[in-house]
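Read-outs: derived from the displayed coordinates by stated rules, not from any lab. Bear in mind the structure is a predicted one, so any value in this text is a computation, not a measurement. Cβ placement follows ideal geometry from the backbone for every residue including glycine, while neighbour counts extend to all protein chains displayed.
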Amino acid sequence: MASGHQAAMLEMKEDEEEKVLQMRVGNIEPKQVIEVKITLIEQAKIFEGAYQINIPRGLLLLLTECRKNSSFSFDINCSAPI
């Protein structure tokens, strides 16, 4: 960042109650639009006859907050037919 390049660092912090994802970004200009992609790899579990994927609460809150010019999308890739 010292040389003027943009950078980001994602850390997972665990406290007594939950795990928290914290992202730090550097050298972003005011009002500059940035794109952040987070890949979550989770094995689907069968629960009451349906596949279930658990998304960390902190990530879910981030995805569902109403922010101007923010959006999110999900892509699900399967290695075998379901």
Self-check item: Vicinal HN-Hα couplings computed from phi for the stretch 46-58 (Karplus, 6.51 cos²θ - 1.76 cosθ + 1.60; Hz; Gly/Pro x)
Solution: 8, 9, 6, x, 10, 6, 10, 10, 8, 9, x, 4, x
Exercise. Please arrange LYS13, LYS37 by counting, for each residue, the other beta carbons lying within 10 Å of its beta carbon, fewest first.
Key: LYS37, LYS13
Self-check item: Computed E for LEU21/ILE46 - FRET, C-beta separation, R0 35 angstrom, nearest 0.05
Solution: 0.85
Exercise. List, in order, the whole-Hz ³J(HN,Hα) value for each residue of the stretch 21-37 obtained from phi through the Karplus relation with A = 6.51, B = -1.76, C = 1.60 and θ = phi - 60°; use x for Gly and Pro.
Key: 8, 10, 10, 10, 10, x, 6, 9, 6, x, 6, 6, 8, 10, 10, 10, 10
Quiz item: In terms of Cα to Cα distance under 15 Å, which aspartates and glutamates are near enough to LYS37, apart from those fewer than 8 places away along the same chain?
Solution: GLU11, ASP75
Quiz item: So who's got an amide H within less than 5 Å of the one on VAL20, skipping anything under 5 residues away but keeping other chains? H placed 1.01 Å off N, in plane.
Solution: LYS13, GLU14, ASP15
